[in-house]
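Encoded as structure tokens, the structure appears first; notes follow it.
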Amino acid sequence: MFLRRIKAVMAGVLISVFAGCNSGPRGVYSDAMGSVILELRSGGNANFTWMGDVEDCSYDTAEKQMTLKCKGNLGTVAFAIHDDGSLTGPPGSFMPPLRKQK
């Protein structure tokens with residue numbers, strides 16, 4: 001009985017860990033014109049390309065928000081994560097909506 005309970009707890013922990021690893025956006029996102037490209041990789045690493053200029057960035061997610069932190073001129077930008085998977089920057093910013101590319 002005790003061993004069965006430990007196995008059930010361990011299975012729950014493993015499922016939680018693996019589910020957490022896949023949370024949040026991943027992959028390549030771009031605007032309709034392809035002039036803004038955001039590549040989100042595992043480990044919180046990202047590249048942001050705007051009109052050919054590439055910046056090294058990091059990102060993290062919390063609920064329906066992703067925060068992108070870039071070393072260059074872009075600085076820190078908060079994106080909203082929508083139910084359809086698209087990302088939008090702060091209202092009134094230059095950032096167009098970004099959609100995941102296949």
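The values are calculated or read from the model by the stated rules, or taken from the named source; none is laboratory data. Owing to the predicted nature of the structure, the values given are computational and were not obtained by experimental measurement. All Cβ positions, even for glycine, are placed from backbone atoms using ideal geometry, and neighbour counts span all protein chains on display. Surface areas here come from the heavy atoms of the whole protein model, side chains and all, with no ligands, DNA or RNA. Shrake-Rupley method; radii C 1.70, N 1.55, O 1.52, S 1.80 Å.
Among residues of the range 91-102 that are more than 13 Å from TRP50 (Cα to Cα), those with a Cβ under 7 angstrom from a residue that is aromatic (Phe, Trp, Tyr) and outside any loop (DSSP other than H, G, I, E, B), sequence gap 6+ or separate chain, pair up as ARG99/TYR29; LYS100/TYR29; GLN101/TYR29. Take the range 68-102 and flag every residue that is open to solvent by 30 Å² or more (accessible area, probe 1.4 Å) and aromatic (Phe, Trp, Tyr). Within the range 68-102, PHE94 is the sole residue that qualifies. Can you name the condition, by its number, that ASP53 falls short on among (1) open to solvent by 90 Å² or more (accessible area, probe 1.4 Å); (2) in contact (Cβ under 8 Å) with a residue 60 or more places away in the chain? ASP53 satisfies every listed condition except (2).
Within the range 56-67, the set of residues being open to solvent by less than 70 Å² (accessible area, probe 1.4 Å) and in contact (Cβ under 8 Å) with a residue 12 or more places away in the chain comprises CYS57, SER58, TYR59, THR61, MET66, THR67. Scan the range 27-50 residue by residue and report those that are among the β-branched types (Val, Ile, Thr) and crowded, with 17+ Cβ neighbours inside 10 Å. Of everything in the range 27-50, those that are among the β-branched types (Val, Ile, Thr) and crowded, with 17+ Cβ neighbours inside 10 Å turn out to be VAL36, ILE37. Residue pairs whose Cβ atoms lie under 8 Å apart, separated by 6 or more positions or on different chains, with the first residue in the range 79-90 and among the aromatic types (Phe, Trp, Tyr) and the second surrounded by 15 or more Cβ atoms within 10 Å (Cβ to Cβ) and assigned to a loop (DSSP other than H, G, I, E, B), are PHE79/GLY89; PHE79/MET95.
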